[in-house]
Amino acid sequence: MSSYYGNYSQYLGSQKCCSLKTQGPQGPQGPTGPGAVGPVGYTGYTGVTGAQGPVGPQGTSGGLLLYLNQTQASGVDTYSLLSQSSLLAGGTTTSTPAGIGATVLASQFLTNPLTNLNQIEPGPVQINLYAYALNSNACTIKVEGFAYEPSGPTITSLFTTNTNTISSGISPTLYTVQTFILTPYTVTIGQTRIGIKLSIVNAAGASNTITITYQTTNAYSYISTTLPIVGPTGSTGYTGVTGSTGRTGSTGYTGSTGYTGVTGSTGYTGRTGSTGYTGVTGSTGATGPSNILNATNTSVNNTFYPVFLEAAGSNVTPYINTTANYLSYNPSTGTLNCQVLNAASDIKIKQDIQELSLDYSKSLLSKLNPVEYKFINDTSKKRFGLIAQEIESQFKNENLGLHYKQIGEDGKEQQFLSYLELISPLIKVVNNLVEKNINLEKRIEQLENK
């Protein structure tokens, strides 16, 4: 700055007419000045809670699922299997015509006998059925759940409900309805079954036909419940190591033997009484009939005929009939021949009568071991049958009329079988096979007619 100017202000004033062409660089930021942080403000009031949203739809229960397997037999006539496992099978439907105002049975199902469930508890049940109607006349499907006992049989209702009106069409639509088991039911293990009955209810003024689909990939009808699912029993854990046996304690001292008491003196023998008078001899009885039966050696190989006594008043007359060998006996082979043998079967001489179950009949027959053999005293013929001792071992905890014992004349035990007792179980199993064969023939006929 020239000394011409008195101070810096005079210098700046003289430069007002001049234009500054450039601006100098910005200087560094100065340090922050001292200052305290202000206090935290008060927290605001909590807002009002909003209204609760609507409850979501009821989810499917996570209990036991029961599939309507219409192609599987339940072991009880006219009932298909209500199974815990699915079984896909194409074309499994029932088409049920229903007249005006009618209620018509469509199908009915039973589970296998319950083995892991002690009680059917109250709870929700959801029914899922695939169905369609032939026309628009109003029809519904009535669903009845029940407990089934084989004795009788006895049926106890668990629930009853109806679907919505079934729509007309050519392909199945899902119809879902929820109901409730209100009363607990005590299960008889190995006997009680759960049953489902489906009926078509026509509330319209004209007839209709309802088709229900059971076991297809896209239309599988089933029931969901809150009954507990019992899984398989886990494997048994390893047995722990057996601990060592402790030492045997020392034997205690034997106590001293006590003194033997003094033997008492023998009493006097009493006097023998006098012999009584001999009674008067009675008169000789009348001579009996001259018919004398002689004992015969049972080892003789010959034919004998049983003798029957006919009593008429005070007279007893032996009676024998050898005509055409209607009734004869060979003691050497133990063979008894007769023309007709009838077994007593009148209901008046029976008690505790119950229906013979299919499961028990199968179990009984499966334990039998048929053999072929020859009798020791008759080796000329091959025979077929069972061994009494095997039957005794298989059914040692059951008091069956099939097996019995007796002591022979030699004082040794002999065992016998009543083969007539096997007729009823055989009839039960054969009837079931006949029913299955009829159902298979119907299915084959349906498949051939497609």
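What to note about this one:
- Theoretical FRET efficiency, 1/(1+(r/R0)^6), r = Cβ-Cβ of Ile444 and Ile170, R0 25 Å, to 0.05: 0.50
- With a simple spin-label model that places each label point 7 Å from the Cα along the Cα-to-Cβ direction, the separation between Ser235 and Ser151 comes to 4.1 nm.
- Protection proxy ranking, peptides 105-111, 66-72, average beta carbon neighbours within 10 Å, highest first: 66-72, 105-111
- Candidate lysines - alpha carbon under 28 Å from Lys428, same-chain residues fewer than 8 apart omitted: Lys197, Lys348, Lys350, Lys362, Lys367, Lys396, Lys405, Lys436, Lys442
- Projected label distance in nm at Gln52 and Thr272, using a 7 Å step from Cα toward the beta-carbon: 11.2
- Accessible surface ranking that places the most exposed of Glu435, Glu355, Glu448 first, with a 1.4 angstrom probe: Glu448, Glu355, Glu435
The values are calculated or read from the model by the stated rules, or taken from the named source; none is laboratory data. It should be emphasised that the depicted structure is a prediction, and the values quoted were computed from it without experimental measurement. Because the Cβ atoms are built from the backbone with ideal geometry, glycine has one as well, and the counts that use them run over all protein chains shown. For accessibility, only protein heavy atoms count, side chains too; no ligands or nucleic acids. Shrake-Rupley method; radii C 1.70, N 1.55, O 1.52, S 1.80 Å.
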